[in-house]
Amino acid sequence: MAPGIMPLPCCKAVPRNSDGAKKLASEMVPDQRWKLQVFYLCFYGFMTQIRPGESFISPYLLGPDRNFTKAEVTNVITPVLSYSYMAVLVPIFLLTDYLCYKPVLVLQSLSHISIWLLLVLSTSVLAMQLMEFFYGITMAARIAYSSYIFSLVAPSRYQRMASYSRSAVLLGVFTSSVLGQLCVTLGGVSFLTLNYVSLGFVSFGLLLTLFLERPRRSLFFNRPGRAGDAAAPTELDRMAGGEGGGGTRGWRDMVLCRMLRELGALARQPQLRLWSLWWVLNSAGYYLMLYYAHILWNEISPTVDNRRVYNGGVDAASTLLGAVTSFAAGYVKIRWTLWSELVIGVVTAFQAGLLLLMNSTTNIWLCYAAYILFRGSHQFLVPIAIFQIATSLSKELCALVFGVNTFFATVLKTIITIIVADKRGLGLSVHPQFYVYFGFFTLLAVAYLLAAVGVGIRHSRRKQPVELALAKELCQLPVEIPAQEKSPEAGTVRA
């Protein structure tokens, strides 16, 4: 450097060797492009949710367009969704990371197209079961979109970018529901035509998927192997016994087992255990209610005039309330180690009451309102659960915990479906099913509230000895009398 010329700040970071300079140049390009990539991903997430016929699938199947019986839809067709979701969840979870997200997103788009092709072209029960199978694939593949964002941005931006991508999805769901309701109520569009419109949108979603950039790294299987990454070894690197980069094959063979063992140790943490149990138990009941709510609405108010079917508007309202309650949950500041069980118990008891109201009322508007409140109350606890679970975990362990929780919730949901809904089990109609779900949430509420009482008793017992010890110490302190209050004889000595 010539004397008298001050070095530019950016020059201080340039390595002296040519390899380092090339590395810096290659890293500056994605750093300059990440904003455009995140914007495109959010746009993709919004557009792939535009399926205006989705809220009206149940009345479409039960109406004159397809004319399936309620027993066929309730006990033969809909249960396949739970079975499909459980069957493909783990393979898609692993393939998402191994294939770096994009191929799974393409699979999701192809599955969406298959769903709507079957809806508009097929009339058999077997075809509708196949439609539910593809629907299970699309649900399991949501992990690809939600985790794709982490391959684009630095860890310091994870929280904000994840909120952007989730907001794009919620906005897409809301827009789709409103669009569908407007087409049906104001435009007089038939359910079949609405399904053709949905097929057009999901086909456009496939086109958008093809323009997504495929990341070169992922969370588990595709670790960066460059020397520069060794400065910050991840959870996987530490478990593999390396300094970072993951050059050995040890973590590929053993790290998942080691992480699962560590999860067993983490399960001793009361808050992680409590909120994981909530995720498993309440999520199973929540999605069962979601699967069968539209059938219940058709039972309470059978479809006679398509213009008077308000499924889209109700879904839009519940999505909006869920977004508001999720946002509000971020501002709840209480001592969660003390109040978690009580909050969960109160919300679960409220949900049990809403299920009873949905099932016992003959007023469709009351049923709609209970459904909206049920979904809003569940979404209120979701971000709290995410924070309570993730607050003490690394990124890798956090992903594994949520994967394990979702898997167990799916297994429980499938078991309940086999026993309650499937024709090979009890084969209950929709009203008795909702009584079962009401009983399930009631038992959960009682268990949570009893746990809250236990936590309160233990807290008071721990508090009492501390207060007694403090009082005892105060009693043993010497009491000094102010000089102006001493008597004249206070300083005399007895002979």
### In Å², nearest 10: area of H378 left accessible to a 1.4 Å probe
10
## Note on the structure
Per the rule of 0.36 nm per residue minus the C-alpha distance, extending V346 to Y98 adds in nm 85.2 nm
### Summary
Computed over the stretch 35-148, protein heavy atoms only, probe 1.4 angstrom, the accessible area per residue in square angstrom equals 36
### Task
Just add up the charged neighbours of L119: K/R +1, D/E -1, any other residue whose Cβ is under 12 Å from the Cβ of L119.
-1
### Gyration tensor (alpha-carbon) shape descriptor, the stretch 81-121, a/c threshold 1.5
oblate
### Message
What distance in nm lies between label points placed 7 Å from Cα along the C-beta direction at F43 and K70?
### Response
4.6
### Task
Using R₀ = 35 Å, calculate the FRET efficiency as 1/(1 + (r/R₀)^6) where r is the Cβ-Cβ separation of L192 and H431; round to 0.05.
0.80
### Message
So if each residue of separation counts as 0.36 nm, and I subtract the Cα-Cα distance between L121 and I419, what length gain in nm does that give?
### Response
104.1 nm
### Task
With a 1.4 Å probe and all protein chains in place, put W297, W279, W339 in order of accessible area, largest first.
W339, W279, W297
### Message
Just to verify a number: what accessible area does M289 come out at with the full protein assembly present, 1.4 Å probe, Å² rounded to tens?
### Response
0
### Query
Given H placed 1.01 Å from N in the peptide plane, which residues other than close sequence neighbours of E213 have an amide H under 5 Å from its amide H?
none
### Query
What accessible surface, in Å², does a 1.4 Å probe find on C183, ignoring ligands, DNA and RNA and rounding to the nearest 10?
40
### Query
Out of residues 5 or more away from V189 or on other chains, whose amide H comes under 5 Å of its own, with H placed 1.01 Å from N in the peptide plane?
V184
### Message
What distance in nm separates the two pseudo spin-label positions at L338 and L110, each 7 Å out from Cα along the beta-carbon direction?
### Response
5.6
### Message
Tell me the carbon and sulfur percent of the accessible area for the stretch 155-200, rounded to whole percent, probe radius 1.4 Å.
### Response
67
#### Entry: Inter-part distance where the stretch 187-210 and the stretch 411-434 are each reduced to a Cα centre, Å
32
## Note on the structure
By accessible area (1.4 Å), largest first, T442, T325 order as T442, T325
### Query
Sorted by mean Cβ packing within 10 Å, highest first, what order do the peptides 263-271, 93-101 take?
93-101, 263-271
### Summary
Simple spin-label estimate for L450/R307, 7 Å along Cα→Cβ, in nm, reads 5.4
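The values are calculated or read from the model by the stated rules, or taken from the named source; none is laboratory data. Computed from a prediction, not measured in an experiment: that's the story for all the values here. Cβ sites come from the backbone with ideal geometry, for glycine too, and all protein chains shown count toward neighbours. Note: areas computed on protein heavy atoms with side chains; ligands, DNA, RNA excluded. Shrake-Rupley method; radii C 1.70, N 1.55, O 1.52, S 1.80 Å.
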